[in-house]
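The values are calculated or read from the model by the stated rules, or taken from the named source; none is laboratory data. Being a predicted model, the structure only gives us computed values, none of them experimental. No Cβ is skipped: glycine too gets one built from the backbone with ideal geometry, and neighbour counts run over all protein chains shown. These accessible areas exclude ligands, DNA and RNA; they are computed on the full protein's heavy atoms, side chains included. Shrake-Rupley method; radii C 1.70, N 1.55, O 1.52, S 1.80 Å.
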Amino acid sequence: MRKYIFELEMKVRDYECDLQGVVNNANYQHYMEHARHEFLEHAGANFGELHQQGIDAMVARVEIDYKVSLISGDRFTVKLNISREGAKLVFLEDIYRLSDDKLCARGRVESICVKDGKLTRGELFDEIFADYLK
């Protein structure tokens, strides 16, 4: 079991499901993205405000392993942890169904930071997430 530093609870909405009645695969990535943005705010920063300063955190790579499907009305939690790999900030994100604590999806998202259009070494990540990157 992974250690997590942040959790966000959500609920599946009807329109997120496909013809088979399960959450469409792309929506798991949306759930993970929403959790990352909420975590950023929890850490004291705001995605939009950073952009106004010429700073953009961008996804460089996403890997998702799908385990158990969520269905309409399911409550679930996205749990995450972070680490640094060179210039990248890596998010390890797991989605668990709350009714039975089943792992539904496991994700790895690599992010980079660009300032004024130029790739940085990720110093901003160290600054914003100092309390979490110990």
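Couple of notes before you dig in:
- The candidate values were [x] 49, 40, 26; [y] 41, 33, 27; [z] 44, 29, 23; the one computed from these coordinates for Cα extents along the principal axes in Å carries the label [z].
- Candidates 76, 47, 39, ranked by Gaussian network fluctuation over the chain, Cα under 10 Å, top entry: 47
- Estimated FRET transfer efficiency when R0 is 30 angstrom, pair residue 52-residue 9 (beta carbons, to 0.05): 0.55
- Difference of contour (0.36 nm per residue) and Cα-Cα distance, residue 29 to residue 75: 14.9 nm
- A Förster radius of 22 Å, combined with the Cβ-Cβ distance separating residue 132 from residue 98, puts the computed FRET efficiency at roughly 0.40.
- For the chain, the dipole from Cβ point charges (+1 on Lys and Arg, -1 on Asp and Glu) about the Cα centre works out to 380 debye, to the nearest 20.
- Rounded to the nearest 20 debye, dipole of region 43-113 from Cβ charges on Lys, Arg, Asp, Glu: 140
- The trypsin sites (Lys or Arg not before Pro) of region 1-78 that DSSP puts in a loop, and whose beta carbon has at most 15 other beta carbons within 10 Å, are 2, 3, 13, 67.
- Gyration tensor verdict on region 1-54 (Cα atoms; rounded if a/c is under 1.5, prolate if a/b is larger than b/c, oblate otherwise): oblate
- Selected from 19, 80, 50 as most flexible by GNM, with the chain as the system and alpha-carbon contacts under 10 Å: 19
- Take the chain with all the other protein chains still there, run a 1.4 Å probe, and you get 58 Å² of accessible area per residue.
- By accessible area, using a 1.4 Å probe on protein heavy atoms only, region 1-111 has 46% of its surface on carbon and sulfur.
- Dipole in debye (nearest 20) - region 87-134, about Cα centre, beta carbon charges: Lys, Arg +1; Asp, Glu -1: 200
- GNM result for the chain, Cα springs below 10 Å: residue of 41, 33, 93 fluctuating most strongly: 41
- Area of residue 66 that stays accessible when all protein chains are in place (1.4 Å probe, Å², to 10): 110
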